[in-house]
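Have a look at the structure below, then the notes.
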Amino acid sequence: MRPVELVGGSGIGAVFVGLIVLMTTQQLVLTLVSTGITFIVILMVLALFAMGAKQDAEETADLERQNNPDGEK
């Protein structure tokens with residue numbers, strides 16, 4: 001996953017939680033705190049999942065072709 005995907009995914013989750021908290025409690029401070037905590041937790045979980053994923057030989061070859069389209073090493 002690219003860093004933009006990690007931040008975007010955690011941002012979407014944090015906004016969702018923030019809206020739910022704001023609609024139920026109507027307290028702005030609690031909403032901001034819960035949104036920030038959710039953003040950080042989701043970002044860390046997605047980053048850990050991305051680090052734990054192993055590339056197989058096909059993915060490594062595909063990345064190598066993308067990085068060197070002319071076949072140079």
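The values are calculated or read from the model by the stated rules, or taken from the named source; none is laboratory data. Bear in mind that the values here come from a model prediction, so they are computed numbers and not experimental data. Here the Cβ positions follow ideal geometry from the backbone for every residue, glycine too, while neighbour counts run over all protein chains shown.
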- Message: Whether any residue in the range 23-39 is within 13 Å of the chain's Cα centre (by Cα) and part of a helix (DSSP H, G or I) is what I want to check.
- Response: yes
- Message: Criterion first (in contact with a Phe, Trp or Tyr (Cβ under 9 Å, 6 or more places away or on another chain) and without any contact (Cβ under 8 Å) to a residue 60 or more places away in the chain) does S10 satisfy it?
- Response: yes
- In the range 56-70, anything surrounded by fewer than 11 Cβ atoms within 10 Å (Cβ to Cβ) and either closer than 18 Å to L6 by Cα or not polar (S, T, N, Q) (or both) is listed as D56, A57, E58, R65, P69, D70
- Task: Inspect all residues belonging to the range 44-51 and state whether any of them is small (G, A, S), at pLDDT below 95 and loosely packed, with under 13 Cβ neighbours inside 10 Å.
- Result: no
